[in-house]
């Protein structure tokens, strides 16, 4: 969607500059800014569907796999901004971001892996012929590995398969340690297993977890490990001992992903379709998002760093810093909001995201333009996409 807007603005830029340069007086230019804003965004809101709006991905966005080959994208503040479609249907589960900012998703039902670029455009399948690919991770060199719940292997895309020990269901959810060789993985049992590329199968990291089914695992940069254990989310120290139990009173905890700051994590429930943002140290729930999905089987924080790799390029992190700064300047409160304020919040985030694309020559929307645009979007009737 951003690309469409950018192309539209580029085509108009010559005429806009000509008209702009002929105007005189700040008042006329000020009015012209908002006339252009009204025209541009009226076209966007009336002629493009909601799931096409603001499809560009930003580091820190939460991507939820909600079934039927669909990914739902939310901002770090909980506003729904886009839907991505793999086009193959069925369950989607694991996700990871490569160094260039492309997003990869495992198509559990279709046995393949799809790739989207940072603008949310589907680039196609990068791997296929798997049984039930559940999860995907990247190492620092950019090599992708796929955990297969329907097979006892970890696949290296474009490389060899690694045969691993399992419990109940294949090499289900995998993560890679900082040594670049050791996989931590679950098999829908009560253990977190380990496999080293050079040494082979290792002793389990931990056994006898309290839940019946351990699902997604995330290795923190300090060596501690988070795991979604159905009834709880758990934090384990480097020795595999449980140090914190996060009880969200939800019996469907299956997915987990750490935020870019490394201080919080998002976790999702396949039973309720809820996403929770949780502070690792305190256990406080910072935010809840209802995906309204009965097939929430995976989440990922776009562009998040991991212990084993997948660190984005510096340009991607610059986007993150600028994007969060612009959004944070608009969002001055985290308290519970009324419905109208929630709509205004979404408008502020959208205006901050699209502001760079509304600068044409001398026509720079600026902070006051963002505020006016946010008001415009928040005033759209409830039945219209916003």
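The values are calculated or read from the model by the stated rules, or taken from the named source; none is laboratory data. Fair warning: this is a prediction, and the values are worked out from it, not measured in the lab. Here the Cβ is made from the backbone with ideal geometry for all residues, glycine too, and neighbour counts use every protein chain on show.
Annotations
- Of everything in segment 122-139 that is in a loop (DSSP other than H, G, I, E, B) and either closer than 19 Å to residue 297 by Cβ or modelled with pLDDT under 95 (or both), the residue that is nearest to the chain's Cα centre (by Cα) is 132.
- Out of 139, 132, one residue alone is without any contact (Cβ under 8 Å) to a residue 40 or more places away in the chain and surrounded by fewer than 23 Cβ atoms within 10 Å (Cβ to Cβ). It is 132.
- If you go through segment 252-269 and pick out every residue that is under 21 Å from residue 80 (Cβ atoms) and over 17 Å from the mean Cα position of the chain (by Cα), you end up with 1.
- Selected residue (only one of 78, 87 is in a loop (DSSP other than H, G, I, E, B) and surrounded by 17 or more Cβ atoms within 10 Å (Cβ to Cβ)): 78
- Within segment 173-196, restricting attention to residues that are more than 20 Å from residue 96 (Cα to Cα) and assigned to a loop (DSSP other than H, G, I, E, B), the residue that is nearest to the chain's Cα centre (by Cα) is 188.
- If you check 278, 301, 285, 311 for being at pLDDT 70 or above and within 26 Å of residue 144 (Cα to Cα), only one passes: 301.
- Flag for residue 170 being under 20 Å from residue 106 (Cα atoms) and either over 25 Å from the mean Cα position of the chain (by Cα) or part of a loop (DSSP other than H, G, I, E, B) (or both): yes
- In summary, residue 158 fulfils each of the numbered conditions (1) on the phi > 0 side of the Ramachandran plot; (2) surrounded by 16 or more Cβ atoms within 10 Å (Cβ to Cβ) with the single exception of condition (2).
- In the set (1) free of Cβ contacts under 8 Å to residues at least 60 places away in the same chain; (2) surrounded by 20 or more Cβ atoms within 10 Å (Cβ to Cβ), the condition left unmet by residue 176 is number (1).
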